[in-house]
Amino acid sequence: MNNNPDCRAEQLIPARHGKAVFLAAGEALQIINLHGTQVVDCWAYTAADVSEYMCMEATRVWNQRLNPRVGDSFITNMRHPILTLVEDTSPGVHDTFMAACDARRYELLGCSEPHRNCHDNLHECLAALDVTLPHGNLASFNIFMNIQVQPDGITLKTLPTVTQPGDYITLRAEMDCYVALSACPQDIVSIQGQGDNTPRDAQLRILTGGFPGAAVKGPWVPEKKPTDNHCQSAV
């Protein structure tokens, strides 16, 4: 049992399964890699309208980074900050460009029987909160996933996690939102740590305080020259 007075709730994310939670603006979600080996897929949806959701493409534009650092925000498809990374005790290796696994992915990997997957976990865990999504979403934030850009600048290499047991990240909600997490079931492509590629449990905590603060930074914009006037209204 967690005795932290700032911890509103604590839940296990069972290996190969998902959990979803509601966060009020200003609360934070801590995702703990209990064994130091587990990739956790993450999605966020605006509570007032789930057609607005955390968007990896918009996030990369806003931050001008492939992967987030502490102080960076995650941005919705409507270009609003929804979560901010305020704490990271891991080596900081995460991924924003690999698609979440789904049923078709495992078919292509040679599975002839149904295989648990992150995309189904997304829908299942939100359904447990009576939330129905208008469409699927393969673009997850892949916490602790180790995808390296190779020296040629375009090739990617998939590697196991580099986290340690107990490493965690903390995401602060910038608006009321639902956050869905999946302890990734992937056991064919070697992404889980320690070499055996076995999916394992992770843990979440909802915090009402006691986490670092960080101001939300504005979007990246190119440095303007004195002659630039492209956004002025026509007369």
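Values computed for the structure shown
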| item | result |
| --- | --- |
| Search result, residues across the stretch 57-97 that are open to solvent by less than 10 Å² (accessible area, probe 1.4 Å) and part of a strand (DSSP E or B) | SER73, PHE74, ILE75, THR76, ILE82, LEU83, THR84, LEU85, VAL86, ASP95 |
| ASP120 vs. criteria over 27 Å from VAL61 (Cα atoms) and buried (at least 18 other Cβ atoms within 10 Å of the Cβ) | yes |
| Every pair of residues 6+ apart whose Cβ atoms lie under 7 Å, when the first sits in the stretch 91-104 and is under 15 Å from GLU124 (Cα atoms) and among the acidic types (Asp, Glu) while the second is open to solvent by 30 Å² or more (accessible area, probe 1.4 Å) and in a loop (DSSP other than H, G, I, E, B) | ASP102/LEU138 |
| Condition met for GLY153 (surrounded by fewer than 19 Cβ atoms within 10 Å (Cβ to Cβ) and touching a residue at least 12 places away in the same chain (Cβ under 8 Å)) | no |
| Residue in the stretch 137-150 that is open to solvent by 50 Å² or more (accessible area, probe 1.4 Å), among the aliphatic types (A, V, I, L, M) and closer than 23 Å to MET78 by Cβ present | yes |
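To keep it simple, each residue is scored yes or no on (1) on the phi > 0 side of the Ramachandran plot; (2) surrounded by 14 or more Cβ atoms within 10 Å (Cβ to Cβ); (3) part of a loop (DSSP other than H, G, I, E, B); (4) aromatic (Phe, Trp, Tyr).
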| site | (1), (2), (3), (4) |
| --- | --- |
| MET175 | no, yes, yes, no |
| TYR178 | no, yes, no, yes |
| GLY193 | no, yes, yes, no |
| ILE206 | no, yes, no, no |
| GLY210 | yes, no, yes, no |
| GLY213 | no, no, yes, no |
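The values are calculated or read from the model by the stated rules, or taken from the named source; none is laboratory data. From a predicted model like this one, the values you see are computed outputs, not experimental measurements. Neighbour counts run over all protein chains shown; Cβ positions are idealised from the backbone, glycine included. Accessible surface areas use protein heavy atoms only, side chains included; no ligands, DNA or RNA. Shrake-Rupley method; radii C 1.70, N 1.55, O 1.52, S 1.80 Å.
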